[in-house]
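Below: one structure, written as structure tokens.
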Amino acid sequence: MTHLPLQIHLFPCRSDNYGYLVHDPLSRETAAIDTPDAGAVRAALEEKGWSLSHILNTHHHFDHVEGNLALKEQTGCRIIGATTQSEKIPGIDRMVSEGELVHIGHHSARVLETPGHTLGHIIYHFESTHMLFSGDTLFSLGCGRLFEGSAAQMWNSLQKLMRLPPQTQIYCAHEYTINNAEFALELEPGNLALQTMSAKAKELRREGLPTVPSTLRQELDANPFFRPGSAEIRRKIKMPDAANEAVFAEIRRLKDQF
Ligand code: ZN
Ligand code: FE
């Protein structure tokens, strides 16, 4: 046998972050996607009986790199992050850029550069298993705030994601879905896919369960940041004829005030 499926372990940490462990059972290599909290990552590793071989960082914000150095010291793991802003990734060993592959045992993730939330934000796409770790670029029913990049950059980044296979599972870094759904429903109350996702998210959160992963198909149908072409959204914000990029920028601006 050459391949066993990757195993994903999701765990909530900090106030609303998700940590992820990605494990290849054959090689026993295990990657943490970001390190929101060293203690929480360590506890997750112990619970699964896995040992850490890699950290894959999406961007330099504190709630994504907090545990880097402590975990590296304890496990000797290798830290991978973006070439752009690499000086802000504590303990970085390997710098990666658009299109490069990162191997976890017998599996690999392709790096996509998605500037917008930060200038050096990258995401990890495990192509053969259709899994995307989207960091703070794409959330379920939302997208990251523009702390460093422009709306044009973020729209360009999101368009890259729109071209991935629709069955791709989206593992994002925060549980923001309920708040995102409330905003999305103000813009597009008639969107049935959105109504369905919103109701499902409420049900899951009532039971204390995560709303992630969603699929790209679901996001394309319901996430307003993917939908600047929607006639209903355009009517709502009175931008019937604007370019998609301008509509996207306005949706992002409105969400900042929501
Ligand atoms: Zn962030
Ligand atoms: Fe974050």
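Every read-out reported here was derived from the displayed coordinates using simple, explicitly stated rules and does not represent laboratory data. All figures in this text were calculated on a predicted structure; none of them were measured in a lab. Here Cβ is always computed from backbone atoms with ideal geometry, including for glycine, and neighbour counts include all displayed protein chains.
Restricting to the range 164-193, count the residues that are closer than 15 Å to residue 220 by Cα and of a type in the set (D, E, K, R).
1
Give just the number: which of (1) surrounded by fewer than 21 Cβ atoms within 10 Å (Cβ to Cβ); (2) of a type in the set (Gly, Ala, Ser); (3) assigned to a helix (DSSP H, G or I); (4) free of Cβ contacts under 8 Å to residues at least 60 places away in the same chain does residue 152 not satisfy?
(4)
For the range 68-98, give me each residue that is within 16 Å of ligand 2 (Cβ to nearest atom), touching a strand residue (DSSP E or B) at 6+ places or on another chain (Cβ under 6 Å) and part of a loop (DSSP other than H, G, I, E, B).
Scanning the range 68-98 gives a single hit, 89.
Considering only the range 48-62, state which residues are surrounded by fewer than 19 Cβ atoms within 10 Å (Cβ to Cβ) and either of a type outside the set (D, E, K, R) or within 16 Å of ligand 1 (Cβ to nearest atom) (or both). Let's see the steps before the verdict.
So the first thing to find is which residues in the range 48-62 are surrounded by fewer than 19 Cβ atoms within 10 Å (Cβ to Cβ), and the list is 48-49, 51, 62.
Within the range 48-62, 49, 51, 62 meet the criteria.
Here is a yes/no grid of residues against (1) hydrophobic (A, V, I, L, M, F, W, C); (2) within 16 Å of ligand 1 (Cβ to nearest atom):
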site	(1), (2)
77	yes, no
92	yes, no
113	no, yes
125	no, no
136	no, yes
139	yes, yes
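Could you grab me the full set of residues in the range 194-204 that are touching a helix residue (DSSP H, G or I) at 6+ places or on another chain (Cβ under 6 Å) and either surrounded by fewer than 16 Cβ atoms within 10 Å (Cβ to Cβ) or under 11 Å from residue 224 (Cα atoms) (or both)? Spell out how you get there, then give the answer.
Restricting attention to the range 194-204, the residues satisfying the condition of being touching a helix residue (DSSP H, G or I) at 6+ places or on another chain (Cβ under 6 Å) are 194, 197-198, 201.
The one that is touching a helix residue (DSSP H, G or I) at 6+ places or on another chain (Cβ under 6 Å) and either surrounded by fewer than 16 Cβ atoms within 10 Å (Cβ to Cβ) or under 11 Å from residue 224 (Cα atoms) (or both): 194.
Just name the residue that is farthest from ligand 2 (Cβ to nearest atom) out of those in the range 8-67 that are among the hydroxyl-bearing types (Ser, Thr, Tyr) and more than 14 Å from the chain's Cα centre (by Cα). Break it down stepwise before answering.
Quick first cut of the range 8-67, residues among the hydroxyl-bearing types (Ser, Thr, Tyr) only: 15, 18, 20, 27, 30, 35, 51, 53, 58.
Imposing the further condition that a residue be more than 14 Å from the chain's Cα centre (by Cα) reduces the set to 15, 27, 30, 51, 53.
Working: 15: 10, 27: 29, 30: 22, 51: 26, 53: 23 Å.
Only one residue fits best here, namely 27.
Could you list all residues from the range 69-83 that are farther than 14 Å from residue 53 by Cβ and within 18 Å of the chain's Cα centre (by Cα)?
Within the range 69-83, the subset farther than 14 Å from residue 53 by Cβ is 69-70, 73, 81-83.
Within the range 69-83, 81, 82 qualify.
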